[in-house]
Amino acid sequence: MAYILNIETATKNCSVSIANNGETIALKELNSGEYSHAEKLHEFIEEVISKSEIELYDLKAVAVSKGPGSYTGLRIGVSAAKGLCFALDIPLISVDTLKTLALSVSITEGCIVPLLDARRMEVYSSVFDSENKKIREVKAEIITEDSFHNFLTKQKVYLVGDGVEKCKEVINHKNITFIDGKLPSANEMSMLSFKKYKNNDIEDVAYFEPFYLKDFIALKSKK
């Protein structure tokens, strides 16, 4: 059995799960509209451990959402994950936040664009095909009426995440579908973290840092 603790704090959704061999067996999350991670994260970790009827020392690894996302949220999640990995002497696994979000949507054709709210009209985004393979790298970009035009002219495009509202204001195309109410969740992290665990795709606990895209955003905001 490979029990993995998954921690997702990149957005306002404070989310924690325990997975066994890639299948979620316990999940606790809260999106209160605020960043409550500092108050809730360790409480949620204790709850999912108890609900799974295991002990901390049964964990084989800890997985954490690596970003992009909220600076403070990512720092809190990574700090907690590192602390557990050091204390338990187990591997640290990082999971792409946007890929986790993309997995919350199931499609048979077209592509999925996970979007996270950055600031003003800016979002973090990536693009995945119907088999959840990344077909465009992560970008921090300002939303305009031409955003994702290259994809929209060829296929159905499904936008998901808390950046969707910004897109609704300016993008209008027959091939676009807006999916509301979705945020990255530790539930969708389960299979991703297990695959990385099996492949020994782990991070250096001492030196790992979240993926912020900070430099790119700073350059965009000066224009």
* Can you name the condition, by its number, that residue 26 falls short on among (1) assigned to a strand (DSSP E or B); (2) under 20 Å from residue 69 (Cα atoms); (3) of a type in the set (A, V, I, L, M, F, W, C); (4) free of Cβ contacts under 8 Å to residues at least 60 places away in the same chain? -> (2)
* **Residue in region 47-60 that is surrounded by the fewest Cβ atoms within 10 Å (Cβ to Cβ), counting only those that are assigned to a helix (DSSP H, G or I) and touching a strand residue (DSSP E or B) at 6+ places or on another chain (Cβ under 6 Å)** => 51
* At least 2 residues that are touching a residue at least 12 places away in the same chain (Cβ under 8 Å), β-branched (Val, Ile, Thr) and within 28 Å of residue 7 (Cα to Cα) in each: list the strands (runs of 3 or more DSSP E) lying fully within region 119-223 that qualify. => 122-129, 134-142
* Determine, yes or no, whether residue 107 is of a type in the set (Val, Ile, Thr) and free of Cβ contacts under 8 Å to residues at least 40 places away in the same chain. => no
* Asked: So which of 112, 107, 171 is farther than 17 Å from residue 67 by Cβ, out of contact with any Pro (no Cβ under 9 Å at 6 or more places or on another chain) and surrounded by 21 or more Cβ atoms within 10 Å (Cβ to Cβ)?
  -> 112
* Check region 61-72 and report whether any residue there is among the basic types (Lys, Arg), in contact with a strand residue (DSSP E or B) (Cβ under 7 Å, 6 or more places away or on another chain), touching a residue at least 40 places away in the same chain (Cβ under 8 Å) and buried (at least 22 other Cβ atoms within 10 Å of the Cβ). => yes
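No value in this document is a laboratory result; all are computed from the given coordinates. Just so it is clear, the model here is predicted, and its values are computed rather than measured. Heads up, the Cβs are rebuilt from the backbone with ideal geometry, glycines too, and the neighbour counts pull from every protein chain shown.
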